[in-house]
Amino acid sequence: MNTTKTIPTAQIIAGRPLADRVAVVTGASSGIGAATAERFAELGAKVALVARRGARLDALEDRLRASGGVALALPTDITDREATLATAARIADELGTVDLLFANAGVQLISGISDLAVADWDAQIDLNIKGTMNTIQAFIYSLEAAAAAGGPSDLIITSSTAAVRYLEGFQVYSATKAYLTQLARLLRMELGRKKVRVSAIEPGMVNTELPDHVTDETASKLMADLIAEIHVLRSEDIAEAVAFVAAVPRHVNLTEIHILPTEQTI
Ligand SMILES: NC(=O)c1ccc[n+]([C@@H]2O[C@H](COP(=O)([O-])OP(=O)(O)OC[C@H]3O[C@@H](n4cnc5c(N)ncnc54)[C@H](OP(=O)(O)O)[C@@H]3O)[C@@H](O)[C@H]2O)c1
């Protein structure tokens, strides 16, 4: 059991290495996205907060502003291409040229293929794949412009350990994440030449709301047991790694970062 041990803070980066950066975080209303948006702001970036739950985004915006940060809550369903483009236009108007995109929003819905949970298949494909493509469409010219102007520019995509491991019941989810890892590898070929860095973050088990959406009982139990038995990751652990990816010098591209809880062996 993991109840007796104290976990130290994830925060290692000092100062304000992201000052002058304009960041967008999708999935900023909870979990990894919320923690990363907060860390970006602490490290000096202006941060646009994107997700559907406006009240959550407003609360985070208030908190970041109260501690001296610049934040902008923009409730958006990123599966809606036009809405995503409209959000990008507002960010350009209000915050300027985006040079740090954390394309993080995603959903995980586990089931056997014979269950024919086709609505779940669609939800994962629509958000994890198409939503990420909408996000890239909305900000790619901004990332390229920032790089052309001589500053750092980052496209950081949340993939998963599921992209490269075999986990029963995770077929569709894993396939969407394999798409994202492979997408990041291929985008580097085109964007690296333009001095835009591309990175895939591949976390293992992080204690967030993600498993709450899973209806399959076996998969739910697997995740609940893991959380009870080992020290799984916290969103802050991922946030620090993402901030590090953005904070290193411009000529350094950390391309794929696999982050597992030390005790996670599946
Ligand atoms: N937790 C893990 O163990 C783990 C492991 C590997 C990878 N990941 C990946 O990490 C990313 C973040 O997940 P999390 O663990 O932090 O879970 P989470 O707390 O459930 O976060 C998911 C985020 O995506 C947003 N979202 C969902 N549908 C959206 C839509 N249509 N448009 C815009 N935003 C939408 C949610 O906000 P709204 O509901 O407000 O829209 C929420 O902010 C996901 O890509 C996930 O696949 C997580």
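Read-outs: derived from the displayed coordinates by stated rules, not from any lab. If you're wondering where the values come from, they're calculated on a predicted model, not measured in any experiment. Note that each Cβ is placed from the backbone with ideal geometry, even for glycine, and that neighbours are counted across all protein chains shown.
Just a few scattered comments:
- Kirkwood Rh and Cα Rg combined as Rg/Rh, segment 109-171: 1.16
- Here the Gaussian network model covers the chain, with springs between Cα atoms less than 10 Å apart; of Ile201, Ile129, Ile156, Ile129 fluctuates the most.
- Estimated D of the chain in µm² per second, where Rh is the Kirkwood radius over Cα pairs and Stokes-Einstein applies at 37 °C, 0.692 mPa s: 176 µm²/s
- A DSSP coil position with no more than 15 other Cβ atoms inside 10 Å describes the following trypsin sites (Lys or Arg not before Pro) in segment 188-266: Arg250.
- Derived from the Cα gyration tensor, the three semi-axes of the equivalent ellipsoid of segment 26-121 are 28, 15, 11 Å, largest first.
- Average projection area in nm² (convex hull over Cα atoms of segment 165-266, one quarter of hull surface): 7.2 nm²
- Proximal lysines to Lys130, defined as alpha-carbon separation beneath 17 angstrom and excluding residues fewer than eight positions away on the same chain: Lys177
- Estimated [θ] at 222 nm from DSSP helical runs (n ≥ 4, -39500 (n - 2.57)) normalised by residues in the chain, nearest 500: -13500 deg cm²/dmol
- Helix 54-66 vs. the chain, principal-axis angle (Cα, 0 to 90°, nearest 10): 50 degrees
- Our summary gives the chain a relative contact order of 21 percent, counting only alpha carbon pairs under 8 angstrom and 6 or more residues apart.
- Loop-located GluC sites (Glu not before Pro) in segment 1-62, at most 13 other Cβ atoms within 10 Å (DSSP): none
- Across all directions, the average projected area of the convex hull around the alpha carbons of segment 215-266 is 4.8 nm².
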